[in-house]
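Participant: Before we start, here is the structure in question, set down as structure tokens.
The values are calculated or read from the model by the stated rules, or taken from the named source; none is laboratory data. Predicted, not measured: the structure shown is a model, and the values here were computed from it. FYI the Cβ positions are ideal-geometry reconstructions off the backbone, even for glycines, and counts take in every protein chain you see. Each accessible area value is taken on the protein alone, full model and side chains, heavy atoms only, with ligands, DNA and RNA left out. Shrake-Rupley method; radii C 1.70, N 1.55, O 1.52, S 1.80 Å.
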Amino acid sequence: MLETIAQRYIGDNPKQSFTFRAFHKEGFKRLPDYRYEMDLSHRLPEATTGTYAYVWGKLWSGQQQETKLNMSLSCYSPVKIYVNGALFFTSDLHQELFPERRTALQIPVQYGWNDVILQFVKTDVGFGGVFGTGSFKNFPLHFIVPSQERDGMEGWLYSEAFEEPPLHLPHQGMREEDTGLNWYPRQQWTDLEHRMGVFGRLYGTKQQAEAYAWTKVMVNKPNNTPLIWRGRHEGPITVYLDGEIIYQSQASTGEMELKLLRTYGVHHLVMKGSCIGSGASRWGFDLEELKTDSGVQLLAPHPVAGSSEPFLYLGPFTPETNLTPAQVQEVHCVFDDGKQGLYYELDQPETTIRPYLENTHYGKWNYPLGVTLLGLLHTGTELGREDYIRYGVDHISLSTTFDHYGLWDRAVYGAAGINNQLSAIDSLDDCGSFGATMLAAMDLQDIPYGRETADRIAAYISEEQERLADGAFFRQRGSGEMRQETMWCDDLYMSTPFLSRYAALTGESGYLEDAVQQFLLFRKYLYIPNLQIMSHVYDFVRGSATGIPWGRGNGWVLFSLTELLDILPEHHAKRTELMSFYRDLCEGYLRLQGENGLWHQVLNRPDSYEESSCTSMFVYAYAKGIRNGWFTEPAPYIDAVFQGWRGLTRVAIDAKGNIYGVCRGSGYSFTAAYYKDDLGWNLNDTHGIGIVLLAGVEVLRLQKELRKSGAAQVETVSPRSS
């Protein structure tokens with residue numbers, strides 16, 4: 001059963017790296033909320049009052065049926081929005097006169113690519129607006145340039161100003177020249193720039209500098225006759241093939257002849273050029289075009305959507321920087337130029353490349369995926385499945401390897417295309433869950449830059465996360481109004497497992513003490529003594545706990561407390577108090593287990609639906625407590641574990657490894673009706689997949705221990721067939 005769940009998840013979410021796209025640095029940048037700032041007053045200073053301009057992009061939808069995507073708009077001037085050629089929205093006076101206001105929109109999109117056109121009108125006080133995704137933390141949608149010439153670039157086109165709207169709107173796949181309008185930002189070099197050489201037009205010719213060009217040489221037809229490849233260079237040049245010098249010249253200009261052995265496969269070609277500075281008018285190189293029958297072709301060294309160029313360029317560096325060819329090929333790096341930092345560019349005006357996360361799961365950093373990957377790691381360890389461990393480690397490593405780049409990308413461009421939560425940490429949700437899984441993975445295999453990422457997370461939790469005067473974590477800012485000035489029991493999971501593991505990594509006990517103290521403080525605010533369970537949220541604006549025992553919130557508490565007790569030294573001064581709290585909670589939850597073995601969405605409301613993620617966490621915590629000898633009377637908890645797992649297999653897990661009944665991400669309310677009626681469940685929600693796996697692993701371990709001791713007869717159960 002564990003294998004089926006794990007394999008279904010991995011099969012649905014195969015490994016794939018980030019998508020690299022061309023990006024014009026003079027295009028619209030995204031603000032920290034991930035919306036695009038479309039200030040046409042700055043872009044089209046010659047536009048006169050009453051004229052129009054288009055802003056044109058396209059957006060992908062993977063939903064098989066028409067759906068709606070959340071967007072947000074702020075107006076600097078009147079605007080109409082067209083989606084797939086149909087008028088969708090027209091601004092009103094209030095929106096146009098108050099640009100600080102945000103208007104929430106739900107854009108209708110169909111499966112595939114969708115044209116989105118904003119038609120702005122120039123006024124005496126503004127021209128343009130701010131538009132983009134309405135949920136920047138979880139779904140930071142980005143737009144793609146729609147014209148045929150630039151298809152695949154990230155961003156938007158904007159037109160010249162015009163007097164009257166054309167009869168027909170532009171649509172994806174059109175050539176820009178066929179629209180009857182000029183479009184920006186510019187794509188073509190001028191004749192003068194062409195004459196400057198590739199490095200010259202990219203980096204200038206007035207100062208001494210170095211730059212690099214990188215491509216791949218694919219040999220399709222190997223033979224014993226070398227390929228002689230001719231070209232010309234301006235400025236001293238060194239050419240490397242697979243790290244070895246094959247040509248070098250210190251001459252300021254000259255013909256060059258490259259000798260390439262026709263060895264089958266892909267070979268890396270790196271060219272290092274030098275600009276001698278004053279007096280130079282050209283800097284770069286030109287190579288003859290390879291014949292199609294040569295058996296050799298040039299490939300982009302890393303796939304870049306929106307570009308057909310075979311070279312990536314890197315520079316300018318100060319003389320004698322001397323990057324090695326291997327360093328030039330490290331796409332996760334931001335390169336040090338002594339200033340802001342450098343990344344790869346294309347041979348187009350102001351055009352760089354940027355990585356983007358364009359799938360829903362693999363390579364994404366968020367807290368539900370943190371617990372999902374933890375489940376895969378534990379399952380792989382317990383079952384001896386190295387492939388599960390490798391999958392989890394590779395997912396985590398993709399995020400950590402690009403952590404430094406993500407921070408730089410956000411600083412330079414306003415909003416990162418990858419690691420959007422990790423690069424913009426402002427809550428425990430952003431870092432604690434996935435960070436704890438990262439530390440668990442570091443115990444199994446090497447995680448590139450894992451320690452650096454962990455140090456940054458620890459610094460956020462210890463130095464920046466909001467706390468009450470007594471030191472308890474709470475949410476003062478939050479990404480939404482309802483999350484401000486609140487304490488959520490969920491945050492015990494978003495913090496204490498990481499703090500505990502980080503204390504073990506560093507040997508600094510203060511992090512463990514912080515984790516211990518958080519449980520005692522959260523108990524003060526959220527514990528419901530007569531029920532021996534936890535309220536979901538404490539609202540400091542209203543000065544009251546909600547009093548609603550949400551299932552998964554309580555599951556996070558007991559799961560996290562179990563993790564803490566598992567590593568807390570026996571002699572710790574607070575262990576007895578925490579163990580008493582654990583047992584009190586376990587008693588409270590035991591009384592509320594449903595007749596099918598599952599616990600309910602609202603724990604004390606049997607009329608609410610049976611919820612799989614909290615059931616799994618209670619099963620996990622009970623099974624681990626039984627194995628560790630934490631119960632004075634384990635028998636009822638043994639029964640609860642197997643009843644709970646049996647219920648999951650009969651109600652919540654099917655034969656294909658699909659998981660049912662996992663509550664989606666929540667807000668909070670003072671009424672049970674919100675949780676019971678409004679907060680439904682999703683199929684295969686990542687809030688529950690990993691914790692179901694973790695529960696199954698603990699049940700398996702308990703079965704083995706009980707069989708070994710002969711303490712109980714254990715029933716084997718099978719998942720439902722549909």
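Participant: If you check GLY254 against the conditions, is it open to solvent by less than 40 Å² (accessible area, probe 1.4 Å) and more than 20 Å from LEU314 (Cβ to Cβ)?
Facilitator: yes
Participant: For a quick check of your reading of the model, give me the residue pairs whose first member lies in segment 633-655 and is free of Cβ contacts under 8 Å to residues at least 24 places away in the same chain, whose second is hydrophobic (A, V, I, L, M, F, W, C), with beta-carbon atoms closer than 8 Å and at least 6 apart or on different chains.
Facilitator: Sorted first by the residue in segment 633-655, then by its partner, the pairs are PRO634/ILE626.
Participant: Do the conditions hold for TRP183, that is, is it over 29 Å from MET271 (Cβ atoms), modelled with pLDDT of 95 or more and not hydroxyl-bearing (Ser, Thr, Tyr)?
Facilitator: yes
Participant: If you don't mind, there's one more thing I want to ask. Return only the number of the condition from (1) farther than 24 Å from LEU439 by Cβ; (2) surrounded by fewer than 19 Cβ atoms within 10 Å (Cβ to Cβ); (3) touching a helix residue (DSSP H, G or I) at 6+ places or on another chain (Cβ under 8 Å); (4) modelled with pLDDT of 95 or more that GLN340 does not satisfy.
Facilitator: (4)
Participant: Of the numbered conditions (1) acidic (Asp, Glu); (2) part of a helix (DSSP H, G or I); (3) crowded, with 17+ Cβ neighbours inside 10 Å, ASP677 satisfies every one except a single condition; which is it?
Facilitator: (3)
Participant: Right, another one. So if I check each of VAL371, VAL412, which one is of a type in the set (A, V, I, L, M, F, W, C), in contact with a Gly (Cβ under 9 Å, 6 or more places away or on another chain) and surrounded by fewer than 24 Cβ atoms within 10 Å (Cβ to Cβ)?
Facilitator: Residue meeting the stated conditions: VAL412.
Participant: Out of everything in segment 430-451 that is of a type in the set (A, V, I, L, M) and not in a helix (DSSP H, G or I), what residue ends up being farthest from the chain's Cα centre (by Cα)?
Facilitator: The selected residue is LEU444.
Participant: List, please: which pairs have Cβ atoms under 6 Å, are six or more places apart or on different chains, and start with a residue in segment 97-109 that is farther than 16 Å from PHE139 by Cβ and end with one that is open to solvent by less than 50 Å² (accessible area, probe 1.4 Å) and of a type in the set (A, V, I, L, M)?
Facilitator: THR103/LEU73
Participant: Let me spell it out: the conditions are (1) among the polar types (S, T, N, Q); (2) more than 17 Å from LEU492 (Cα to Cα); (3) in contact with a helix residue (DSSP H, G or I) (Cβ under 9 Å, 6 or more places away or on another chain), and THR576 meets all of them except one. Which number is the exception?
Facilitator: (3)
Participant: Also, I was wondering about something else. Being touching a strand residue (DSSP E or B) at 6+ places or on another chain (Cβ under 6 Å) and under 30 Å from VAL145 (Cα atoms) narrows it down to one of GLY200, GLY273, GLY235, so name that one.
Facilitator: Going through GLY200, GLY273, GLY235 in turn, the sole match is GLY200.
Participant: Would you tally the residues in segment 90-115 being surrounded by 12 or more Cβ atoms within 10 Å (Cβ to Cβ), among the β-branched types (Val, Ile, Thr) and over 24 Å from the mean Cα position of the chain (by Cα)?
Facilitator: Counting residues in segment 90-115 that are surrounded by 12 or more Cβ atoms within 10 Å (Cβ to Cβ), among the β-branched types (Val, Ile, Thr) and over 24 Å from the mean Cα position of the chain (by Cα) gives 1.
Participant: Let me ask another. Is there any pair linking a residue in segment 59-76 that is farther than 16 Å from TRP156 by Cβ to one that is part of a loop (DSSP other than H, G, I, E, B) and polar (S, T, N, Q), with Cβ under 7 Å and at least six apart or on different chains, and which?
Facilitator: Cβ pairs passing all conditions: SER61/GLN110; GLU66/GLN110; ASN70/SER135; CYS75/SER91.
Participant: Consider ALA454 carefully, then state whether it is of a type in the set (Gly, Ala, Ser) and not in a loop (DSSP other than H, G, I, E, B).
Facilitator: Spelling it out, ALA454 is indeed of a type in the set (Gly, Ala, Ser) and not in a loop (DSSP other than H, G, I, E, B).
Participant: Mind listing just one residue for me: the one in segment 533-586 that is among the charged types (D, E, K, R) and open to solvent by less than 10 Å² (accessible area, probe 1.4 Å) and, of those, farthest from ALA623 (Cα to Cα)?
Facilitator: So, considering only residues that are among the charged types (D, E, K, R) and open to solvent by less than 10 Å² (accessible area, probe 1.4 Å), the one farthest from ALA623 (Cα to Cα) is ASP539.
Participant: Which of the residues spanning segment 62-89 are open to solvent by 70 Å² or more (accessible area, probe 1.4 Å) and polar (S, T, N, Q)?
Facilitator: GLN63, GLN64, GLN65, ASN70
Participant: Inspect all residues belonging to segment 609-619 and state whether any of them is closer than 18 Å to ASP677 by Cα and open to solvent by 10 Å² or more (accessible area, probe 1.4 Å).
Facilitator: Checking segment 609-619: at least one residue is closer than 18 Å to ASP677 by Cα and open to solvent by 10 Å² or more (accessible area, probe 1.4 Å).
Participant: Here's a follow-up. Quick check on segment 230-244. Is at least one of its residues part of a loop (DSSP other than H, G, I, E, B), open to solvent by 40 Å² or more (accessible area, probe 1.4 Å), farther than 22 Å from GLU193 by Cα and basic (Lys, Arg)?
Facilitator: Within segment 230-244, none of the residues are part of a loop (DSSP other than H, G, I, E, B), open to solvent by 40 Å² or more (accessible area, probe 1.4 Å), farther than 22 Å from GLU193 by Cα and basic (Lys, Arg).
Participant: Still on this model: Of these, THR381, THR352, THR321, which one is surrounded by fewer than 24 Cβ atoms within 10 Å (Cβ to Cβ), assigned to a helix (DSSP H, G or I) and more than 20 Å from the chain's Cα centre (by Cα)?
Facilitator: Step by step, each of THR381, THR352, THR321 is checked, and only THR381 is surrounded by fewer than 24 Cβ atoms within 10 Å (Cβ to Cβ), assigned to a helix (DSSP H, G or I) and more than 20 Å from the chain's Cα centre (by Cα).
Participant: Residue pairs, Cβ under 9 Å, 6 or more apart or interchain, first in segment 162-185 and at positive phi, second of a type in the set (D, E, K, R). List them.
Facilitator: GLY173/ASP151
Participant: Restricting the search to segment 641-667, which residues are under 26 Å from the mean Cα position of the chain (by Cα), at pLDDT below 95 and over 16 Å from HIS361 (Cβ atoms)?
Facilitator: Passing the criteria: SER666, GLY667.
Participant: Just for segment 482-505: of the residues that are assigned to a loop (DSSP other than H, G, I, E, B) and within 23 Å of the chain's Cα centre (by Cα), which one is nearest to ALA469 (Cα to Cα)?
Facilitator: The residue in question is SER495.
Participant: Regarding segment 179-199, can at least one residue be identified that is touching a helix residue (DSSP H, G or I) at 6+ places or on another chain (Cβ under 6 Å), buried (at least 21 other Cβ atoms within 10 Å of the Cβ) and farther than 30 Å from PRO165 by Cβ?
Facilitator: no
Participant: To continue, here is another question. For segment 457-476, name all the residues that are aromatic (Phe, Trp, Tyr), farther than 22 Å from ASN419 by Cβ and either modelled with pLDDT under 95 or not in a strand (DSSP E or B) (or both).
Facilitator: The one that is aromatic (Phe, Trp, Tyr), farther than 22 Å from ASN419 by Cβ and either modelled with pLDDT under 95 or not in a strand (DSSP E or B) (or both): PHE474.
Participant: Inside segment 508-519, can you point out the residues that are open to solvent by 20 Å² or more (accessible area, probe 1.4 Å) and over 15 Å from PHE474 (Cβ atoms)?
Facilitator: GLU508, SER509, GLY510, TYR511, LEU512, GLU513
Participant: I've got another one for you. Would you mind finding the one in ARG605, ARG583 that is within 20 Å of PHE670 (Cβ to Cβ) and either part of a helix (DSSP H, G or I) or modelled with pLDDT of 95 or more (or both)?
Facilitator: Going through ARG605, ARG583 in turn, just one is within 20 Å of PHE670 (Cβ to Cβ) and either part of a helix (DSSP H, G or I) or modelled with pLDDT of 95 or more (or both): ARG605.
Participant: Here's something else I'd like to know. Taking the criterion of being among the charged types (D, E, K, R) and at pLDDT 95 or above, would at least one residue in segment 240-249 satisfy it?
Facilitator: Yes, segment 240-249 contains at least one residue that is among the charged types (D, E, K, R) and at pLDDT 95 or above.
Participant: Give me the pairs: first residue in segment 1-27 and free of Cβ contacts under 8 Å to residues at least 40 places away in the same chain, second residue among the small types (Gly, Ala, Ser) and open to solvent by less than 60 Å² (accessible area, probe 1.4 Å), beta-carbon distance under 9 Å, and six or more apart or on different chains, which are they?
Facilitator: From residues that are free of Cβ contacts under 8 Å to residues at least 40 places away in the same chain, the pairs are GLY11/GLY657.
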